[in-house]
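The structure under discussion appears below in the form of structure tokens.
The values are calculated or read from the model by the stated rules, or taken from the named source; none is laboratory data. Source: prediction; values computed, not measured. Neighbour counts are summed over all protein chains in view; Cβ atoms, including those assigned to glycine, are modelled from backbone coordinates with ideal geometry.
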Amino acid sequence: MEEILKISKLSVEYRSGDTVAKAVNGLNMTLYKGQAMGLVGESGAGKTTTALSVMGLLPDKIGYVTGGDIEYKGQSLLKMKEKELNTIRGGKISMVFANPLSSLNPVFTVGHQITMVLRQHRHMTEKEAHAEAAKFLKMVGIPEYRMEDYPHQFSGGMRQRVGIAAALVCSPEILIADEPTTALDVTIQAQILELMKDLQKTMDSSLLMITHNLGIIAELCQTVAIMYGGEIVEYGSVREVFENPMHWYTIGLLNAVPKLTGKRERLASIPGNVANAQMLPEGCKFHPRCGYCTKTCRTKQPEMICVNENHYVQCWERGGKAETKRPAKGGNQ
Amino acid sequence: MTEIKKENIIQSGATGQSTQKPLLRVEHLKEYFKIPGKGYLHAVDDITMEIMPNETLGLVGESGCGKSTVGNVLMRLLKPTGGKIFYEDKDVTKPSKKENLELTKKTQMVFQDPYSSLNPRKPIRSILSEPFKINKTAEGRELDDKVRKLAERVGLEPYVLDQYPHELDGGKRQMVGIARALAMQPKFIVCDEPVSALDVSVQATIINLLIDMQKEMGLSYLFISHDLSVVRHISDRVAVMYLGQIVEIAPTDTIFSNTLHPYSIALLSAVPKIDFEEQENRIVLTGDVPSPMNPKPGCRFAPRCWMACEECKNKDQELTQVEPGHFVACSRWKESREMELKLEREPANGGQNEPIL
């Protein structure tokens with residue numbers, strides 16, 4: 001498979017006055033062509049920061065990439081000039097944001113905002129762009145006559161579909177979706193998910209799906225990366241990771257979610273709080289919340305271990321004895 | 001709408017306390033909002049339901065279906081347009097000032113957003129002292145003592161009392177919200193999406209806390225949420241709402257294993273599932289929820305329903321009992337189950353927009 005996006009040892013900091021928050025710490029990740037990958041974690045894990053770094057949209061004079069590289073088809077996005085980046089951003093790599101109300105410009109019509117993307121990247125005439133935009137809006141279920149409407153005239157679900165249409169209109173090779181359905185109802189969410197599934201198939205684009213909803217990952221993605229404290233702590237095929245989770249954080253997450261079938265048991269919550277990016281612990285970042293933490297965990301940074309070819313985990317306790325302890329799959333048994 | 005007979009409800013009481021009277025009863029509750037120049041918005045349109053002591057009733061539905069309005073009316077934050085509310089068999093639809101104060105002690109609310117429901121200018125100690133001060137039940141050292149015990153009860157460390165809301169994370173703030181609601185030893189709490197703003201691991205903590213408090217204090221909850229797996233986890237009975245009406249109400253296990261109303265079936269099928277064995281073909285409803293402005297007669301779900309016939313579009317549907325404790329407002333419920341199995345992936349027709357796939 002062709003590597004399309006490669007993030008290596010990426011570190012990102014947010015600086016404000018004297019405080020430094022280490023949001024992403026040496027993150028490695030590779031996205032292949034046509035692949036849908038899920039990025040899961042609690043708020044503050046660094047998911048959105050990773051996405052913003054790829055897009056070159058980190059807040060100016062606050063967010064800094066302090067190390068590592070992001071390569072799109074072998075070209076470093078970080079070393080690229082703003083002008084060059086603008087030819088890729090929105091055209092080859094595009095992003096759907098979590099909140100559709102704040103990511104659309106309230107003073108321009110929806111039609112104008114989508115045609116602008118086409119005129120910028122595909123150098124279309126106004127007429128061509130209009131026709132192309134109408135085609136994409138129709139695909140997401142919005143009739144052509146609504147192109148003259150402003151964002152506030154749409155419902156939440158429709159606004160998000162506009163955001164998706166705008167992101168897809170140039171047939172991007174990589175689509176980054178940052179919690180695209182959290183603001184939406186389940187029925188609208190189902191519409192959007194089906195839409196993304198279909199579009200990904202027909203356009204053979206790669207998808208990076210950021211969410212904390214494990215169900216969405218299970219339905220939409222082939223691979224999943226679990227993020228904690230700005231690192232990927234477990235990575236593998238969705239089936240492998242969800243059915244045989246290795247990292248204690250992943251197990252905690254899976255056990256904390258109430259299920260739709262099976263016996264209703266007391267939920268297992270993960271003790272403590274999400275790692276504070278301003279004061280990251282030594283060693284494994286998860287160790288203060290982990291019930292299986294050893295001496296090594298407290299002092300030394302664990303490395304990614306291969307469980308099998310479809311499954312990698314970053315955990316001292318799991319290292320070497322991967323097969324001995326199969327964690328109970330919570331809630332379902 | 002048919003009168004829900006009490007014996008039916010009692011049979012359905014998943015709590016098994018069949019001899020008890022309902023703690024809260026709502027009859028033909030209506031809440032209309034007047035929109036100048038447009039008419040009336042039917043937020044809640046003829047709802048009849050009961051909540052038993054020590055029971056959790058889950059209320060699910062899409063945004064805009066009137067879930068929160070029901071909660072707000074029950075908390076007397078809105079005056080109902082029509083219908084009656086009974087608390088322990090006493091009509092409390094139009095309470096006097098004194099009655100209102102008494103009721104406030106017995107019925108409380110936990111809000112969705114723990115960021116906006118706590119006063120940012122007050123330390124937690126002061127927020128938690130308020131209920132005792134308003135009801136003049138404690139002062140001085142006794143007050144301090146009670147506040148500390150209250151915080152301890154929900155699992156807040158004592159140092160939190162001297163912090164301000166902005167210093168706490170979402171989970172801790174929601175614990176403060178719950179503690180405040182518990183201060184006057186209420187019997188009934190409306191939980192309006194109490195966990196939807198929280199991360200999964202924190203969500204689990206708050207759900208466990210709510211369940212523990214219910215066991216400890218014998219509380220009843222009206223648990224409003226759009227997250228079906230959370231509702232299934234916490235509720236004894238579940239009511240599904242669509243455009244201001246209850247379309248299906250049944251004990252939790254029944255409604256999840258023998259779903260009958262087409263809307264409930266679609267809602268359930270829309271939830272992304274973690275277990276690969278459960279993943280099935282999904283019924284994707286087209287369009288958005290229609291406007292609740294001046295609704296036309298007939299089943300409200302008919303425009304989005306794949307089973308709708310002419311009769312559905314013209315005749316109001318009544319909530320009828322199809323098995324003990326299981327009420328459905330659909331005249332074609334017998335067919336819905338079979339049709340769901342046959343449906344596979346043919347998109348549902350109708351709706352206000354064009355089919356999207």
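Quick notes on this structure:
- The single condition from (1) exposed (fewer than 14 other Cβ atoms within 10 Å of the Cβ); (2) assigned to a helix (DSSP H, G or I); (3) not aliphatic (A, V, I, L, M) that A:GLU282 fails is (2).
- Test: residue in region B:301-322 that is surrounded by 19 or more Cβ atoms within 10 Å (Cβ to Cβ), basic (Lys, Arg) and more than 14 Å from chain A (Cβ to nearest Cβ): no
- Subset tally (residues that are touching a residue at least 40 places away in the same chain (Cβ under 8 Å), out of contact with any Ser or Thr (no Cβ under 9 Å at 6 or more places or on another chain) and part of a loop (DSSP other than H, G, I, E, B)) for region A:46-58: 1
- Which listed residue, of B:ILE207, B:ILE224, is closer than 15 Å to B:GLY61 by Cβ, buried (at least 20 other Cβ atoms within 10 Å of the Cβ) and either outside the structural domain of B:PRO292 (by TED's automatic domain parsing) or not aromatic (Phe, Trp, Tyr) (or both): B:ILE224
- Residue within region A:82-104 that is at pLDDT 90 or above, of a type in the set (S, T, N, Q), under 21 Å from the mean Cα position of the chain (by Cα) and surrounded by 17 or more Cβ atoms within 10 Å (Cβ to Cβ) present: yes
- Total residues in region A:158-169, condition facing chain B (nearest Cβ under 10 Å) and within 20 Å of the chain's Cα centre (by Cα): 1
- Any hit, region A:223-232, residues being within 14 Å of chain B (Cβ to nearest Cβ), more than 30 Å from B:SER257 (Cα to Cα) and in contact with a Ser or Thr (Cβ under 6 Å, 6 or more places away or on another chain): yes
- Within region B:140-181, the residues that satisfy the criterion of being among the aliphatic types (A, V, I, L, M) and surrounded by 22 or more Cβ atoms within 10 Å (Cβ to Cβ) are B:VAL147, B:VAL154, B:MET175, B:VAL176, B:ILE178, B:ALA179, B:ALA181.
- Lone unmet requirement of (1) touching a Phe, Trp or Tyr at 6+ places or on another chain (Cβ under 8 Å); (2) of a type outside the set (Phe, Trp, Tyr); (3) assigned to a helix (DSSP H, G or I); (4) without any contact (Cβ under 8 Å) to a residue 60 or more places away in the chain for B:VAL231: (4)
- Looking only at region A:110-154, and only at residues there that are of a type in the set (S, T, N, Q) and buried (at least 17 other Cβ atoms within 10 Å of the Cβ), the one that is nearest to the chain's Cα centre (by Cα): A:GLN113
- Condition met for A:GLU265 (modelled with pLDDT under 90, more than 7 Å from every other protein chain (Cβ to nearest Cβ), surrounded by fewer than 23 Cβ atoms within 10 Å (Cβ to Cβ) and within 14 Å of the chain's Cα centre (by Cα)): no
- Once region A:41-50 is narrowed to residues that are crowded, with 19+ Cβ neighbours inside 10 Å and of a type in the set (Gly, Ala, Ser), the residue that is farthest from the other protein chains (Cβ to nearest Cβ) is A:GLY46.
- One residue from A:THR211, A:THR202 being within 12 Å of chain B (Cβ to nearest Cβ), out of contact with any Leu (no Cβ under 7 Å at 6 or more places or on another chain) and more than 22 Å from A:THR182 (Cβ to Cβ): A:THR202
- Here the condition is being without any contact (Cβ under 8 Å) to a residue 24 or more places away in the chain and more than 9 Å from chain A (Cβ to nearest Cβ); of B:LYS187, B:LYS215, it holds for B:LYS215 alone.
- Test set (1) over 20 Å from A:GLY91 (Cα atoms); (2) away from every other protein chain (no Cβ under 13 Å) - A:LEU175 fails condition number: (1)
- Total residues in region A:100-125, condition without any contact (Cβ under 8 Å) to a residue 60 or more places away in the chain and either in contact with a His (Cβ under 6 Å, 6 or more places away or on another chain) or polar (S, T, N, Q) (or both): 7
- Flag for B:PHE223 being at pLDDT 95 or above and either at the interface with chain A (Cβ under 9 Å from one of its Cβ atoms) or farther than 25 Å from B:CYS312 by Cβ (or both): yes
- A:ALA277 being at the interface with chain B (Cβ under 7 Å from one of its Cβ atoms), touching a residue at least 60 places away in the same chain (Cβ under 8 Å) and of a type in the set (Gly, Ala, Ser): no
- The one condition in (1) of a type outside the set (Asp, Glu); (2) within 10 Å of another protein chain (Cβ to nearest Cβ); (3) outside any loop (DSSP other than H, G, I, E, B) that B:LEU198 fails to fulfil: (3)
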